[in-house]
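These notes are about the structure you will find just below.
No value in this document is a laboratory result; all are computed from the given coordinates. Keep in mind that what you see is a predicted model, and the values were worked out from it rather than measured.
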């Protein structure tokens, strides 16, 4: 656990790094977007600290980078009802699809329809959903 001063120093280093990578205007825009998202999802009270907002922004940007890196590894993509489904592996015995879920309640319904379409084509599916909590 970081002390209050260590947390502040760590957040300042992250802020400086993000400003260098993104530029000051883009950082300010994304920081404000993160603040609005935090308030919408968590609530305005207690008010989020600047450090927590910087950590949340850094985490969000890291997730986006990881998702983009993974998507570049995909063999091919196709559109299923507005969702870009990736084929990560198309082998002799297995075909592995990557179905992105950004908004759980909405995308889960589309994923169910996708699984039904695979079943209708005679494909047997095994579903793997990571526990991100």
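A few points about this structure:
- Sum of -39500 (n - 2.57) over DSSP H runs of 4+, divided by residues of the chain (222 nm, nearest 500): -20000 deg cm²/dmol
- Taking Cα atoms only, the orientation of helix 4-22 departs from the longest principal axis of the chain by about 60 degrees.
- With all pairs of different C-alpha atoms in the average, the Kirkwood value for the hydrodynamic radius of the range 74-120 is 11.2 Å.
- Beyond 20 Å, the tail of the calculated P(r) for the range 4-71 holds 32 percent of the Cα pairs.
- Rel. contact order, % - alpha carbon contacts under 8 angstrom, at least six apart, the chain: 12 percent
- With Cα atoms, 0 to 90° folded angle of helix 24-41 axis to the chain main axis: 70 degrees
- Helix 104-120 and the long axis of the chain differ in direction by around 20°, with both axes built from C-alpha atoms.
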